[in-house]
Amino acid sequence: MNKVLVCPVAYNENVKLKSAIERFLKCSFKDIDYLIVDDCSDDGTTEMIMSFANQGVKTLRHAKRSGVGVAIKTAIQYAKDNGYEVLVIMAGNDKDNPQQIPILIDPILKDGYDFVQGSRYIEAGSFGGDMPFYRKIATRMHPMLMSIITGKKVTDSTNGFRAFHLSIFKDKRIDISQDWLDKYELEPYLLYKAIKLGYNFKEAAVTKFYPPKKLGYTKMKPIVGWWSILRPLVFLGLGIKK
């Protein structure tokens, strides 16, 4: 059994996810498994994923669309049930570079870190492509708030490219079963908890590339989606949620 599981989560990302899978396979990792959580896609994504089954690509498909938070919970449970030590979450829409996976997992496997957050905003990190203007603003504001509330400097709290040691879920103070974490809330929740509970945390420089808009629409709506990633900071900071 390999120690590391890499998991993109996807809903209707047929073209971009195919590119992400092919890029991962070209890396020829011999000690990393690959699982895609398909959040009930209906655009041919499911069938496209299955075409890679003979190349070692694993997949789990939700019976109904449940949200990115539920998809990550599915990945976490699968990783725990199957004896993995480290889980890497990455974008299913081809925004992340699979060649940078070692940048996230080496600090955990070799240096004893518990949580490594990818950052496009620290030295050696970068971003490019068709990044919407409102996201350029929001991806700067969110880490400022995260830093203030947690008391630790964070530069890229909305970047979904991250890795964590699965032992953190033995801590009952990290309760991912809560229903309010089913959408975009889960990711900032995990980051907040890792920092506030004193786990060994660091950021690592990664790239983020936004594919052309013609390849598919963004699933996050500017107002509703951004409130979804902001409210964990509000709820946890004020003690409204646990």
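Under a Gaussian network description of the chain, with springs only between Cα atoms under 10 Å, the residue in P98, P212, P232 that fluctuates furthest is P212.
In order along region 27-37, phi translates into HN-Hα couplings of 5, 6, 5, 9, 10, 10, 9, 10, 10, 9, 9 Hz, rounded to whole numbers, per the Karplus curve 6.51 cos²θ - 1.76 cosθ + 1.60 with θ = phi - 60° and x for Gly and Pro. Taking other C-beta atoms within 10 angstrom as a stand-in for reagent exposure, H62, H165 fall in the order H62, H165, fewest first. Over all other residues within a Cβ to Cβ distance under 14 Å of L238, the charged ones net out to +4, with Lys and Arg as +1 and Asp and Glu as -1.
Find the relative contact order for region 4-237 and round it to a whole percent, using C-alpha pairs within less than 8 Å whose residues are 6+ positions apart.
Values: 415 pairs, mean separation 56.0, N = 234.
Once divided by the residue count of region 4-237, the mean separation gives 24 percent.
In this label model, K172 and V224 are separated by 3.6 nm, measuring between points 7 Å along each Cα→Cβ vector. In terms of surrounding Cβ atoms within a 10 Å radius of their Cβ, V9, V234 rank from fewest to most as V234, V9. Lysines near K26 by alpha-carbon distance under 22 Å, same-chain residues fewer than 8 away left out - which ones? Of all the lysines, those that pass the test against K26 - Cα under 22 Å, at least 8 places apart if same chain - are K3, K16, K18, K58, K95, K208.
Between K136, K18, K58, the GNM of the chain built on Cα springs shorter than 10 angstrom shows K136 fluctuating the most. Comparing Cα centroids, region 63-89 and region 131-207 end up 16 angstrom apart.
Under 12 Å from the Cβ of G44, count the other residues' Cβ atoms, weight Lys and Arg +1, Asp and Glu -1, and hand me the total. Present the calculation step by step, with values, prior to reporting the outcome.
Working: positive: K18; negative: E13, D38, D42, D43, E47.
Surrounding charge for G44 is -4.
Computed extension gain for K153 through F235, at 0.36 nm per residue and net of the alpha carbon distance, reaches 27.6 nm. Listed from fewest to most Cβ neighbours within 10 Å, the set S41, S167 follows the order S167, S41. Take every DSSP beta bridge whose two residues both sit in region 4-237, then give the antiparallel share in percent to the nearest 5. Approximately 20 percent, going by the DSSP bridge assignments.
Comparing S66, S28, S119 in a Gaussian network model of the chain (Cα springs below 10 Å), the most mobile by mean-square fluctuation is S28. The candidate values were (1) -0.39, -1.02, -1.20, -1.28; (2) -0.43, -0.97, -1.12, -1.20; (3) -0.27, -0.89, -1.23, -1.43; the one computed from these coordinates for log10 I(q)/I(0) by the Debye sum over Cα atoms at q = 0.08, 0.14, 0.16, 0.17 Å⁻¹ carries the label (3).
For region 30-155, averaging the sequence separation of C-alpha pairs within contact (under 8 Å, six or more residues apart) and dividing by the residue count gives a relative contact order of 15 percent.
Taken together, the values in this text are just the output of simple stated rules run on the coordinates, not laboratory data. Bear in mind the structure is a predicted one, so any value in this text is a computation, not a measurement. Heads up, the Cβs are rebuilt from the backbone with ideal geometry, glycines too, and the neighbour counts pull from every protein chain shown.
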